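The values are calculated or read from the model by the stated rules, or taken from the named source; none is laboratory data. Model, not experiment: these values are computed from the prediction. Glycine also receives a Cβ, built like all others from the backbone with ideal geometry; neighbour counts cover every protein chain displayed. When the accessible area is computed, the model is the full protein with side chains, heavy atoms only, and any ligands, DNA or RNA have been set aside. Shrake-Rupley method; radii C 1.70, N 1.55, O 1.52, S 1.80 Å.
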Amino acid sequence: MSGLIVHEWLSPAGGSENVFEAIAQVFPEAERWCLWNDAGDRLQPVHETVLARTPLRGRKALALPFMPTVWRHLPERDADWVLASTHLFAHHARFGGPARDVPKLVYTHTPARYIWVPELDGRGDSLPIRAVSAALKPLDRKRAQEPVAIAANSRFIADRIADAWERESEVIYPPVAVHGFGEEPDLTAAEQDQLDALPDSFILGFSRFVPYKRLDAAIAAGRASGLPVVLAGSGPDEDRLRTIADETYPAR
């Protein structure tokens, strides 16, 4: 049986990209689609939508109002099933041709935080998102009735799916090599120096540096507890986090 796998956009690194890669390994013959691909050669071959050929490529907030329409007008394909890896609108996907009405299955990282829980994701506070979110909620819930089955990546997300989409889902935890957590790391000399320089007790925040990960809460916990805070990761929120840290620990 031939299949189609769809995902939102592809970044060089990220948890949802790891799941998409694992799905592609299970179904190596399935054709892969995303809005745009910024992951280089990692997940090739991947087809991109028309958004990838416009100035909206990579501009997630500005492109968001157009994503549902783009997902509904994918090209004609002949396939037996569609599997969507979604954290925004990939579950809206509909191809033309024989694949138009085939069974759709959805693996859900979360219903779109932008519109369903904007208080947890500052990106939902932008003017374009606020302007369209009221219309997108009923549309998103309507499209979520199409899949024959929905999987959630955790019990928490299953509850969010029930609240937002009014659908039941089965929890399928994402693929994580948990055995690696118990292995002794093979550190370089520079890494060992960094480790040796850490205090005996501290609060650790480990994530991509993006606002919705709430690493500022780790800094606040350090202030409340009197413990130093170590943040490990990188991302576009680094400057803001450094400013908060400078204000919290001015003598560090």
The chain - percent of accessible surface contributed by carbon and sulfur, probe 1.4 Å: 55
Note on the range 1-89: alpha-carbon gyration tensor, axes a ≥ b ≥ c; rule is a/c under 1.5 for rounded, else prolate if a/b larger than b/c, else oblate; result oblate
Mind telling me which of Val19, Val230, Val117 comes out most flexible in a GNM of the chain, alpha-carbon contacts under 10 Å? Val230
For a quick check, take a GNM of the chain with Cα springs below 10 Å and name the residue from Ala24, Ala164, Ala134 with the largest mean-square fluctuation. Ala134
Using a cut-off of 20 Å between alpha-carbon atoms, which lysines can reach Lys60, once sequence neighbours fewer than 8 places away in the same chain are excluded? Lys137, Lys213
With a probe of 1.4 Å, find how much accessible area the range 147-252 has per residue, and write the answer as a whole number in Å². 69
Taking the chain and counting helices only, DSSP H stretches of n ≥ 4 at -39,500 (n - 2.57) each over all residues, the nearest-500 ellipticity at 222 nm comes to -9500 deg cm²/dmol
Can you put Phe66, Phe206 in order of accessible area, largest first, using a 1.4 Å probe? Phe206, Phe66
Return the tail of the calculated pair distribution for the chain, meaning the percent of Cα-Cα pairs more than 25 Å apart. 51
Give the angle, between 0 and 90 degrees and rounded to the nearest 10, that separates the Cα long axis of helix 238-248 from the longest principal axis of the Cα atoms of the chain. 40
With Cα atoms, 0 to 90° folded angle of helix 215-225 axis to the chain main axis: 30
Give me the lysines in straight-line cross-link reach of Lys104: C-alpha distance below 17 Å, same-chain residues under 8 apart excluded. Lys142
Using the Cα centre of the chain as the reference point, and only Cβ charges (+1 on K/R, -1 on D/E), how large is the resulting charge dipole? Debye, rounded to the nearest 20. 1280
Which of these, Ala152, Ala30, Ala221, has the largest mean-square fluctuation under a Gaussian network model of the chain (Cα springs below 10 Å)? Ala221
In nm², what is the average projected area of the convex hull enclosing the Cα atoms of the range 138-207? 8.0
